[in-house]
There are 2 protein chains.
Amino acid sequence: MSNPVLAEVLRGPLVESVHRGAVAVADADGATVLAVGDIAKPVFPRSAVKALQAVALVEAGAADRYALTDEELALACASHSGEPAHIAGVERMLAKAGLDAAALRCGTHWPISQPAAAALARTGAPSALHNNCSGKHAGFLCLACAEGLDPADYFRPQHPVQRAVRAVLKDFSGAVLGEDVCAIDGCSVPTWAVPLDKLARAFAKFGTGHGVSRDRAAACARLSAACARQPWFVAGTGRFCTAIMELFGARVFVKTGAEGVYCGALPELGLGIAVKCDDGAGRAAEAVMAALIARFLPLKATEHEALGRFMRPVLRNWNGFEVGALRLTQAIA
Amino acid sequence: MSNPVLAEVLRGPLVESVHRGAVAVADADGATVLAVGDIAKPVFPRSAVKALQAVALVEAGAADRYALTDEELALACASHSGEPAHIAGVERMLAKAGLDAAALRCGTHWPISQPAAAALARTGAPSALHNNCSGKHAGFLCLACAEGLDPADYFRPQHPVQRAVRAVLKDFSGAVLGEDVCAIDGCSVPTWAVPLDKLARAFAKFGTGHGVSRDRAAACARLSAACARQPWFVAGTGRFCTAIMELFGARVFVKTGAEGVYCGALPELGLGIAVKCDDGAGRAAEAVMAALIARFLPLKATEHEALGRFMRPVLRNWNGFEVGALRLTQAIA
């Protein structure tokens, strides 16, 4: 059975493309309050669980030991755009652990930010610092160094850092994370596939601290607060995650992942959210996440209006002409 | 009823994403030899019909008048990568019509080619020349100037250039191209939605010249030969369209379009091909096109092997680690 169409992409008078997918909204006890499509199927959460991966860093005391700031903790949870202040923040994190960019094993790509990429090209070429995952990797390295571990293989599944991360993911999701659901992420760390409903539950726990140990709950609260205070460091200029958390502060946590995944938390409602577009389309997952926030969170008129432009984005061409729109279907709206 | 899954994207042991779509293969008389999914539904062909748009340029005598070379005719059919020789070619086309980049109305974007974009950033910023459609637009401008028309509004639906293009598309596809199926393309010219089976038929006519006037058939032959001799100018370094036409020369014509469209022709078999992925995914459409060539065209072992890497692409991450693969389903394979 196929998942429903969540979003249609219109060009002029016609639907040009469609995006199918599944949505789960759950509380920390695992009760599902919204299920669209197949929410039992394991999905690779990719970068959407960076905040959960960062719980291992904070609960072990590494964030205290290196006096990581809100900006730096937000970077540990980030898929950043590679803008100069992101890079400077990651360099600070590494320096606190006595390391530099040479320790990063995430691989290299040009900054997500087009202006940052163009500026970088004028003077040089990208390094691993510009990889959108470099803040997460700096967090892994801080954890390794704080624990007195050899940081060399910090990205491999058998390294204590990744074993600690896996234990957190298992605790929060309640999912069995065996070899049969393990793959390698774009930045070379392991990624474990988790059923969508359990992913939503994990974020309900992250947003509320319910159902996890006191240390873990404290780590969640510290990371959530850091992201709410420094949302630009979680993504960057013009990005959805940044815009949403600038708009709602601590009321909403959202984080994108590759291949059409979005996760989020609405702490005041005790809810977690997980979205996966079947085809990997980020443009649809973003609009769906905006619609879910609008559906569940009590909003002021101005907030509703601000969310509207993410729920019904207008598509413009290279001349800025309005050529179409993305429209959510009844499966979501 | 939904279209079948054409391709699965695997990460490690699991399917991470899937792409649905439709495929039509037809001859110049409109007989369908392969139909997968809904082939009667109109789809915007976008850049996949640039070669048909260029027929208007050639049949009107503008290509003769300005002595357009194979490189320049290939650029008129191209979604080029914005590499230096592409830009130089488009500048030559414009100069032949007494114009320069200021006449282009396609809008501006950075070169598709990452090395070209980085090199450009070191010394300047992109212009409309770097838009992947600039060669097509230079062709429109050559047509306007050769006909003694005011080129100012050459991109608008009511301009004689676009009316001529529409007449060609109507003749080749046999589709009714009314306002109800007209939208604006990324480069601001009109794009008309055409049922997939009629799009396949249009490319069978393009590849063979059957079923169109002698002048149109001659224009098709000239454009096909130009693309076969200069395939780098149809796309660019490392691109699928270029690689396929380098491999097969005049035996295969292929052209990508935005939002998961691919069109092609197999002239020796009298067949045209049209592919549309429901979700707009180019990665799946490419693999499907490779599989269709392998299915219909008699191949040497080396050609089959060369196609294989496009039919079953390996996915690598930023460190070059193999993390997954794209796999076609039984709907295609």
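The values are calculated or read from the model by the stated rules, or taken from the named source; none is laboratory data. Source: prediction; values computed, not measured. Cβ sites come from the backbone with ideal geometry, for glycine too, and all protein chains shown count toward neighbours. Each accessible area value is taken on the protein alone, full model and side chains, heavy atoms only, with ligands, DNA and RNA left out. Shrake-Rupley method; radii C 1.70, N 1.55, O 1.52, S 1.80 Å.
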*asked:* If each label sits 7 angstrom from Cα along the C-beta direction, how far apart, in nm, is B:D29 from its counterparts in the other copies?
replied: 7.0
*Over all residues in A:13-24, what is the mean tally of Cβ atoms on other chains that come within 10 Å of each residue's Cβ?*
5
_Degrees, to the nearest 10: B:214-229 long Cα axis against longest axis of chain B_ = 60 degrees
*asked:* Using only the alpha-carbon atoms, what does the stretch A:180-315 span along each of its principal axes? Please give whole angstrom values in decreasing order.
replied: 43, 36, 26
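Share of the protein assembly as shown's accessible area from carbon and sulfur, percent, 1.4 Å?
53 percent
When only C-alpha pairs under 8 Å and at least 6 residues apart count, what is the relative contact order of chain B, in percent?
The value is 24 percent.
What FRET efficiency do you get for B:Q330 and A:R163 if R0 is 56 Å and r is their Cβ-Cβ distance, rounded to the nearest 0.05? Spell out each step's value before the answer.
Values: r = 39 Å, r/R0 = 0.70.
E(calc), rounded to 0.05, equals 0.90.
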*Shielding of A:273-279 by partners, i.e. mean partner chain Cβ atoms within 10 Å per residue?*
4
*For chain B, find the longest principal axis of its Cα atoms and tell me its angle to the long axis of helix B:134-146, 0 to 90°, nearest 10.*
30 degrees
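B:Q114 to B:A250: FRET efficiency via 1/(1 + (r/R0)^6), r the Cβ-Cβ distance, R0 30 Å, to the nearest 0.05? If you can, show how the numbers build up before the last one.
Working: r = 30 Å, r/R0 = 1.01.
Step by step, r from the Cβ atoms, then E = 0.50.
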*Distance between Cα centroids, the stretch B:244-289 to the stretch B:49-69: provide it in whole Å.*
22 Å
*asked:* As a test of the definition: which semi-axes, in Å, follow for the stretch A:112-171 when you take the square root of five times each eigenvalue of its alpha carbon gyration tensor? Largest first, please.
replied: 30, 13, 8
*asked:* At 222 nm, what value in deg cm²/dmol follows for chain B if DSSP H runs of at least 4 each add -39500 (n - 2.57) and the sum is divided by all its residues, to the nearest 500?
replied: -12500 deg cm²/dmol
*Tilt relative to chain B, helix B:114-123 - C-alpha long axis, 0 to 90 degrees, to 10*: 40 degrees
*asked:* Strictly greater than 14 Å: what percent of every Cα pair in the stretch B:286-328 meets that?
replied: 50 percent
*Sites A:A67 and B:A125 - FRET efficiency at Förster radius 51 Å, r taken between beta-carbons, to 0.05*: 0.80
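If you take the C-alpha gyration tensor of chain A, multiply each eigenvalue by 5 and take the square root, what semi-axes do you get, largest first, in whole Å?
30, 24, 18
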_Ascending list, in nanometres, of distances separating the A:D153 label from those of the other copies (7 Å, Cα toward Cβ)_ = 7.0
_Exercise: per-residue mean of other protein chain Cβ atoms within 10 Å, B:112-122_ = 3
_Step by step: find N for the protein assembly as shown, compute 2.2 N^0.38 Å, then divide the Cα radius of gyration by it. What's the final number?_
1.00
*Which of B:A88, B:A51, B:A226 moves most in a GNM of chain B, Cα contacts under 10 Å?*
B:A88
*Comparing A:A102, A:A31, A:A167, which has the greatest mean-square fluctuation in the GNM of chain A with Cα pairs linked when under 10 Å apart?*
A:A102
*For chain B, just give the cysteines left without a disulfide-compatible partner, judged by no other Cys Cβ under 4.7 Å.*
B:C77, B:C142, B:C145, B:C182, B:C220, B:C227, B:C241, B:C263, B:C277
_Quick check: net charge around A:E91, other residues with Cβ under 11 Å of its Cβ, Lys/Arg +1 and Asp/Glu -1?_
0
*Normalising by the residue count of the stretch A:121-234, find the relative contact order in percent from Cα pairs under 8 Å and 6+ residues apart.*
15 percent
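Of the peptides B:300-306, B:139-145, how do they stack up when ordered by the mean number of other Cβ atoms within 10 Å, highest first?
Averaged packing, sorted descending, gives the order B:139-145, B:300-306.
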_Charge context of A:P195, other residues only, Cβ under 12 angstrom, K/R +1, D/E -1_ = +2
_Unit charges on C-beta of K, R, D, E only; dipole of the stretch B:48-105, Debye_ = 180 debye
*Per residue, how many Å² of accessible area does the stretch B:165-233 show with a 1.4 Å probe?*
35 Å²
_So the label point sits 7 Å from Cα along the Cα-to-Cβ vector; using that for B:A102, what distances do you get to the other copies, in nanometres, sorted shortest first?_
5.4
*Place the peptides A:34-45, B:182-193 in order of packing, highest mean first, counting for every residue the other Cβ atoms within 10 Å and averaging per peptide.*
B:182-193, A:34-45
*When only C-alpha pairs under 8 Å and at least 6 residues apart count, what is the relative contact order of the stretch A:102-166, in percent?*
29 percent
*Proximal lysine pairs, chain B, alpha carbons under 23 Å, eight or more residues apart or interchain*: 29
